[in-house]
Amino acid sequence: KDKENARKEFLKDRGLAEESKLIVFAGRLEGQKDPLLLIDTFSYVKDNIGVVHLVVIGTGSLKKDMETRVRSYGLENNVSFMGVLCQEEMSSIMRIADVFLLTSAFEGMPRSVLESLSCGTPVVTTNAGEVGLVVKQGVSGFICKERTPVVIGQAVLDVLLKEGLSLENCVGSIREYTAESILARFYGELRGISAGKNAKCAGKDTDGKV
C-alpha cells in the first residue's frame with residue numbers, strides 16, 4: 001500500500017496518468033552506458049504500449065545528445081531527467097518503478113542493477129559484465145543477447161505486460177551475491193590454482209625434471 005501511494009504521488013506530481021508504467025535508468029550518461037540506445041529502446045516501448053514514462057537518474061557528457069534524441073521522437077512529455085540524486089531518493093524511485101533498464105555496451109557488476117533488484121524491481125539489461133549472476137532470465141528480469149531497440153524493447157514489454165516477475169523473485173536473486181559468497185568463490189579458485197601448482201612441482205625431481 002505504501003508503494004502504491006508513493007507511486008501515485010510521484011505520477012501526480014509530474015502530471016502523469018495514474019496507469020502510467022514507469023521505466024527507470026540510473027547511471028552515468030556516458031558512452032559505456034549507451035544512453036542513446038536507452039532512448040531508442042524507450043521509443044520502441046512507447047510505440048507499443050502508449051502510457052509509459054522513462055525516469056533518467058544521473059548526468060554526463062551525453063545528456064544533451066539524449067535530450068536531442070528525445071525531441072526527435074517527440075517524447076518530451078514522456079522522459080524525466082532527474083539529475084544526480086542521493087541514495088535515498090534514487091531508491092524511492094526504484095521501489096515504485098515497473099522495470100529498471102540498462103543498455104550498456106560493457107560493464108563490470110553494475111551497482112544500479114543490485115540496487116534495483118534489492119528494491120524488488122525487475123531488470124532488463126544487455127548481456128554486459130556480470131549481470132548474469134543476479135538477473136535470472138524470466139525470474140528477476142531479462143538479459144538481451146542483441147543490443148537493438150527491438151530486442152531490448154520487447155524484453156521490457158514482456159516485463160510490463162506479463163506477470164511472474166515478483167518482488168520476492170527479484171530480492172531472492174541477489175541473496176547469494178554477498179561479499180562472503182563472492183570471496184568464498186575467489187579464494188576457492190586460488191586454492192585450486194595453488195593445488196595445481198603444488199601437484200606439478202611434486203612431480204619433478206630436484207633438477208626440475210619430471
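Going by Cα centres, the stretch 49-63 and the stretch 117-137 are how many Å apart?
19
Just to make sure I understand: if all protein chains stay in place, what is the order of VAL171, VAL135, VAL51 by accessible area at 1.4 Å, largest first?
Final ranking, largest accessible area leading: VAL51, VAL171, VAL135.
At 0.36 nm per residue, and after removing the present C-alpha to C-alpha distance, how many nm does the segment from GLU18 to ASN5 gain when stretched out fully?
Result: 3.6 nm gained on full extension.
Heavy atoms only, probe 1.4 angstrom, no DNA, RNA or ligands counted: give me PHE10, PHE142 ranked by accessible area, highest first.
PHE142, PHE10
Find, among the chymotrypsin sites (Phe, Trp or Tyr not before Pro) in the stretch 62-134, those assigned to loop by DSSP (not H, G, I, E, B) with at most 13 other beta-carbon atoms within 10 angstrom.
PHE106
Taking the alpha-carbon centroid of each part, what is the distance from the stretch 90-108 to the stretch 8-24 in angstrom?
One Cα centre to the other: 17 Å.
Estimate the FRET efficiency between VAL139 and THR68 by the formula 1/(1 + (r/R0)^6), using the beta-carbon distance for r and 30 Å for R0, to the nearest 0.05.
The value I calculate is 0.25.
The values are calculated or read from the model by the stated rules, or taken from the named source; none is laboratory data. From a predicted model like this one, the values you see are computed outputs, not experimental measurements. As a convention, Cβ positions derive from the backbone with ideal geometry for all residues, glycine included, and neighbour counts pool all protein chains shown. Surface accessibility is based on the protein's heavy atoms, side chains included, excluding ligands, DNA and RNA. Shrake-Rupley method; radii C 1.70, N 1.55, O 1.52, S 1.80 Å.
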